[in-house]
Amino acid sequence: MKRFNNFSLISGLIENVIIFNSNLSVIYQGSIIKKLLDENEINIEEFNRTSITKNNELVLLKNNIEKVITTSEPLSFKFIRLKEDFLLIPSSKGQSLEIIFGLKNKIYKITKIEHDLKERVKELQCLYNISKELEAEKTLLEELEDCALQIQQGFQFPQETIVNIEVNKNIYGNSDWNPKDVNDMLACDIKLKNEKRGEIRIYFKHKFGYLNEEQHLIEEISGKISRAIEKDEKEKNLEKQQKILKAKNDILLKLTDDCNSSRQKLRTFFKAITDKIVVVDNDFNIIMSNKDEIGDSGKCFNKLFNLQERCKECPAVNTFKTAQNTYREWEETDKYTALRTYPIFGKEGNVDRVLEVCRDITTQKKMEAQLLQSYKLASLGKLVAGVAHEINNPNTFILGNLKIVQESFTDLFPILDEYNKNHSDLKIARLNYDVFKENISVLVNDMIDGANRTKKIVADLRNFAKKDNGSLIDEIDLNYIIKNNLTLTRKHIKKYAQLDVALNENIPLFKGSIFKLEQVLLNLIMNASEAIEHSEGVIKIATDFDVSNNEIILIVSDNGCGMDENTVKNIFDPFYTTKRNKGGTGLGLSITYGIIKDHGGKIEVESKINEGTKFIIRIPAKASESYV
């Protein structure tokens, strides 16, 4: 823009022109041109006077102005006395026509300035439009196509200009042209980080060349396109990275969901474990547990065992030292506890945490004790069976020989009677004959009765020791079971109480297990005898048949110490006992309850403190079965 440095647009325009209207009246006259005309005796103020004909210069001006008004075309002319060329230019303003008059070279300068300004405006508008296009939400292809059109409009002669933009070997812009029509070319590289990525090429059909400003224009546009390409590639790379990140994020989310699901399942399994499980650090602080009541904080010895200091012989201490599993169990107030510890290794291979599994093994220990007792009873049963067999053999000989002895005395007494008539002093076994005869039959009968009782006791022992197969196929005579059981328990009962037996002889037979019902009766009788703590104890055993409900009834009652309501509620629970200090296991009544349930019956209990207890058992019997 150096051509504007020595020339003022305003002064050049205002002071060097005269403006006429269509009536040839002067609207405005600049001081510089007025002075020039005045110096050459051309007085514009006399322009419309009649004396104008005397002034050839004014007549020439007037005639030329009228031509311009008529043709509306610019007109160049010279005055007679002035060597400078003057120019008349028509200018339309609204409905009126105005004529601008001035020195040709001055008006050309002004026109050139106007043209240059218009070109600069076009260039600025071009840059604006290109910036707008490059910032629009379009693809790079669309942006470059639009930029080519905008660049074309920014040059002096758009119709004579061809614009091509080459980026990444793709050409955007006008492709319909003939190289023979091109007279000149302007080019500018498109670079991105000093690497050529394309080129802007301007082809001119005219021969006027190009302005420096136009070259600067495409250089500026080249920079904008470079930044647009960089932005596009960054966006594409960003989109690519976003897709990769999204894919990774989707995988991560799935893994997170799977992990959460697995963790939830693990947590559910962890919490479902009935044992108390905690993880502790080397200061015995709880880091994690599977029970809400324990939580994830506090000392393990306090939360697990309600202690204020570390357990003696703590297995976790040994696990921290040796990195080995450790196990310890102990008993406290009829409760057995087992604690097993496992090492958890840190990154450096040392034990920095320990997993503790705390288990209540009271039931297990009691079951082991009960199992041991069962083994003892099984061994005792085998022993009883063997002893019964050994007793039964000689007892059979005794019983058989006693019958022979009994028959022998029957045959001998008539002979001895006849002998005694003549020998009154006859003695047998140091007894007078009369005394001997009177008592020997009683003695023999007593021996036979004793042998039979021994035989029955042996048979009962063998039946009691016989192994039960669990089936309910025996033909049950409840009264017989009671009588047979009392043979074995009567002596034990007599230590504690009198026995009162009331059996209904008209109860029906039913299917069941002789062995199991003997066990029920034995458990109830033993419990009743042990509940009596005074000298006037009475145990009552009674049977009956409820015809309306078709139920066989067994009642075992005592007048012992009785039970409170809480004991009555828990009496049939396994291992529940009030006689643990006397060796009770808490399994007798639990087993009894199960046996009665197996027979389809039910068991009820009535008890009061210091008044006694009554057990009532009801077992259903089939209506078709006969009465005994």
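See the values below:
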{"item": "Filter result for the condition that a residue is open to solvent by 60 Å² or more (accessible area, probe 1.4 Å) and either within 23 Å of residue 235 (Cβ to Cβ) or hydroxyl-bearing (Ser, Thr, Tyr) (or both), over 166, 142", "result": "142"}
{"item": "Matching residues in region 320-339 - criterion: being outside any strand (DSSP E or B) and either touching a residue at least 60 places away in the same chain (Cβ under 8 Å) or in contact with a Leu (Cβ under 9 Å, 6 or more places away or on another chain) (or both)", "result": "334"}
{"item": "Count of residues meeting criterion [closer than 22 Å to residue 559 by Cβ and in contact with a strand residue (DSSP E or B) (Cβ under 9 Å, 6 or more places away or on another chain)] in region 505-526", "result": "4"}
{"item": "Test: residue 502 is surrounded by fewer than 13 Cβ atoms within 10 Å (Cβ to Cβ), aliphatic (A, V, I, L, M) and modelled with pLDDT of 75 or more", "result": "yes"}
{"item": "Filtered residue count, region 60-85, keeping only those that are among the aromatic types (Phe, Trp, Tyr) and closer than 13 Å to residue 22 by Cα", "result": "0"}
{"item": "Counted residues, region 345-368 - those being surrounded by 14 or more Cβ atoms within 10 Å (Cβ to Cβ), under 19 Å from residue 590 (Cα atoms) and touching a residue at least 24 places away in the same chain (Cβ under 8 Å)", "result": "3"}
{"item": "Filter result for the condition that a residue is closer than 14 Å to residue 614 by Cα and either surrounded by fewer than 21 Cβ atoms within 10 Å (Cβ to Cβ) or in contact (Cβ under 8 Å) with a residue 60 or more places away in the chain (or both), over 554, 521, 509", "result": "554"}
{"item": "Subset of region 202-254 (residues that are surrounded by 12 or more Cβ atoms within 10 Å (Cβ to Cβ), of a type in the set (Asp, Glu) and over 18 Å from residue 155 (Cα atoms))", "result": "230, 232, 233, 235"}
{"item": "Answer residue from region 388-437, given it is in contact with a strand residue (DSSP E or B) (Cβ under 9 Å, 6 or more places away or on another chain) and open to solvent by less than 60 Å² (accessible area, probe 1.4 Å) and is nearest to residue 455 (Cα to Cα) among those", "result": "436"}
{"item": "Test result for residue 195, modelled with pLDDT of 85 or more and under 24 Å from residue 231 (Cβ atoms)", "result": "yes"}
{"item": "Identity of the residue in region 97-117, open to solvent by 50 Å² or more (accessible area, probe 1.4 Å) and modelled with pLDDT under 80, that ends up farthest from the chain's Cα centre (by Cα)", "result": "106"}
{"item": "Leading residue by the ranking (nearest to residue 475 (Cα to Cα)) among those in region 524-551 that are open to solvent by 20 Å² or more (accessible area, probe 1.4 Å) and in a loop (DSSP other than H, G, I, E, B)", "result": "550"}
{"item": "Residue in region 76-96 that is in a strand (DSSP E or B), modelled with pLDDT under 75 and either open to solvent by 60 Å² or more (accessible area, probe 1.4 Å) or touching a Phe, Trp or Tyr at 6+ places or on another chain (Cβ under 9 Å) (or both) present", "result": "yes"}
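The values are calculated or read from the model by the stated rules, or taken from the named source; none is laboratory data. What you see is a predicted model; the values in this text were computed from it and never measured. When we count neighbours, we look across all protein chains shown, and the Cβ atoms used for this are built from the backbone with ideal geometry, even at glycine. Remember, those area values only see protein heavy atoms, side chains included, never the ligands or the DNA or RNA. Shrake-Rupley method; radii C 1.70, N 1.55, O 1.52, S 1.80 Å.
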